[in-house]
Amino acid sequence: MKALLSVIIFVGAYIAIASDKVSKTIVAVIGACLVIMLHLVSFEEAMHAVDLNVIFLLVGMMTCVYILSKTGFFEWAAISVAKYSRGNPFLIMCLLLLVTAVLSAFFDNVTTIILLVPLTILIAELLEINPIPFIILETLASNIGGTATLIGDPPNIIIGSAAKLSFSDFLVYLSPVVIMIFAVFLFTVFLLFRNVFTVQESMKKRVINSIPNLAIVDKKNMIKALLIMGLIFVGFFFHAKLDIEPGIVALGGSMLMMLFCKSDSEETLMKVEWGVIFFFIGMFIMIAALDANGVIERAGQLILNASGQNLFHVCLIVLFGSALFSAILDNIPFVITMVPLVKNFIEHFAVSLGTQNIEQISQPLWWALALGACLGGNMTIIGASANVVMVRIAARNKYKVTFGKFLKYGVPFTIQSLIISALYLWLRYFRV
């Protein structure tokens with residue numbers, strides 16, 4: 001009964017979120033309150049399920065971006081990119097997608113979106129074109145790029161820790177397929193958008209003749225903020241070796257930036273997108289109820305039953321199943337739940353196949369989970385943290401990215417990515 005109630009509340013919340021008629025934050029928090037009040041999950045379990053690393057990362061980076069934005073840095077960067085591209089909107093799009101994918105591979109993709117989406121909106125406004133296609137595609141690129149490395153996307157950090165996979169393992173085994181996926185993604189973007197945007201010659205001339213340095217209003221604080229941002233990025237890169245969570249790096253760095261840039265703490269903290277923060281808290285708690293009542297675990301157990309005891313079939317089900325569930329659930333708690341199930345699959349096939357070569361069994365399963373969870377987040381507006389953050393930044397700038405509009409972009413690109421991933425797994429591990 002509890003499992004059924006958990007599913008009903010989650011599905012009801014999901015439908016309300018998908019309708020775009022009610023605030024996503026309000027729906028998520030009401031759903032969270034319901035599962036606690038109905039004792040579908042204990043208060044202690046609900047609080048434990050809230051990933052403070054994600055929350056701290058969001059608060060810290062939102063704070064840093066606000067402080068940096070007051071210096072005129074984003075305006076300077078926007079005008080510089082537009083000037084370099086000579087006002088060609090498609091060239092701007094390609095440059096931004098490439099930068100987004102590369103940054104997301106080496107830094108958290110949520111951070112990349114927080115940094116680049118405001119810049120992208122400024123460029124689009126400068127050229128008087130619609131920024132929504134730009135920022136949606138940028139978000140998809142961030143999730144693709146984040147799939148390539150251990151630190152690029154939170155699910156990879158979870159998988160790497162559980163499977164004892166190193167940074168170099170991800171580079172060797174996942175980077176090749178991610179590069180292929182991104183290349184096809186970029187080519188598809190070229191086919192779809194090369195003739196969509198038109199910019200008046202007067203706008204192009206204005207961009208070409210612009211002077212980016214005039215946009216900087218506080219050079220001293222901009223330099224300080226950029227230096228601290230650089231330290232934060234170094235912390236992100238070495239956080240595993242230092243045994244410090246990225247959220248602590250971001251939160252601590254934001255406080256340093258606030259201190260050295262002499263930013264008013266009350267004013268700055270008011271600029272944090274608290275709606276995003278509470279949306280994540282609500283989602284974590286609702287998913288905790290599903291987990292506590294065995295819903296996610298039962299779904300995972302169906303994978304082995306449906307596979308016909310075939311390892312490649314299990315990999316395909318993990319890949320596409322993870323993508324589907326990551327599209328409707330946040331991929332972080334989903335991956336946490338899937339990790340013990342994948343370990344069971346590895347043990348099962350090691351025994352049934354009578355092999356000592358555990359890597360030949362474990363690696364395709366772990367990579368299938370990583371690819372499915374990270375790429376599946378591109379399918380819907382709530383599938384990945386970066387998606388939700390992009391929507392909130394767009395709303396703050398008076399651009400509405402609806403559930404349906406994101407789905408229009410997300411579904412075809414996700415299917416494309418998953419097909420390439422499936423072919424890669426077969427060629428690398430199962431081709432006779």
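Just so you know, all these numbers are worked out from the coordinates, no wet-lab data involved. Predicted model only: the values in this text are computed from it and were never measured. Because the Cβ atoms are built from the backbone with ideal geometry, glycine has one as well, and the counts that use them run over all protein chains shown.
Suppose only helical runs count, i.e. DSSP H with n ≥ 4. What mean residue ellipticity at 222 nm does that imply for the chain under -39500 (n - 2.57) per run, divided by all residues and rounded to the nearest 500 deg cm²/dmol?
Using -39500 (n - 2.57) per qualifying helix, the result is -25000 deg cm²/dmol.
With a simple spin-label model that places each label point 7 Å from the Cα along the Cα-to-Cβ direction, the separation between PHE167 and ALA395 comes to 3.6 nm. Translational diffusion of region 291-432 was estimated from the Stokes-Einstein equation, with Rh taken as the Kirkwood radius over Cα pairs; at 20 °C and 1.002 mPa s the coefficient is 134 µm²/s.
Ordering MET286, VAL81, LEU242 by Cα displacement along the dipole of the chain toward the positive end leaves VAL81 in first place; charges were set at the Cβ atoms of Lys, Arg (+1) and Asp, Glu (-1). Using a Gaussian network model of the chain in which every pair of alpha carbons under 10 angstrom is joined by a spring, one finds that among LEU116, LEU256, LEU192 the greatest mean-square fluctuation is at LEU192.
Annotation: Cα Rg of region 1-140 relative to the compact-globule expectation 2.2 N^0.38 Å equals 1.37. Over the Cα atoms of region 205-269, the radius of gyration divided by the Kirkwood radius equals 1.14; this is the Rg/Rh ratio. Annotation for region 220-323: trypsin sites (Lys or Arg not before Pro) lying in DSSP loop with at most 14 further Cβ atoms inside 10 Å of their Cβ are LYS262. For trypsin sites (Lys or Arg not before Pro), the sites in region 152-212 that DSSP calls loop and that have at most 12 other Cβ atoms within 10 Å are LYS164, ARG194. Taking the Cα atoms of region 352-432, the ratio Rg/Rh between the radius of gyration and the Kirkwood radius comes to 1.18. Is region 52-274 rounded, prolate or oblate when judged by the Cα gyration tensor, a ≥ b ≥ c being the square roots of its eigenvalues, rounded requiring a/c under 1.5 and prolate requiring a/b larger than b/c? The shape class here is oblate. In a fully extended conformation the segment linking THR188 and ILE419 would gain 81.7 nm over its present Cα-Cα distance, using 0.36 nm per residue. Between the C-alpha center of region 364-396 and that of region 230-294 there is a gap of 18 Å.
Cross-link check: pairs LYS70/LYS205; LYS70/LYS398; LYS224/LYS271; LYS205/LYS405; LYS24/LYS405; LYS21/LYS398 evaluated at a Cα-Cα cut-off of 24 Å; pairs beyond the cut-off: LYS70/LYS205; LYS205/LYS405.
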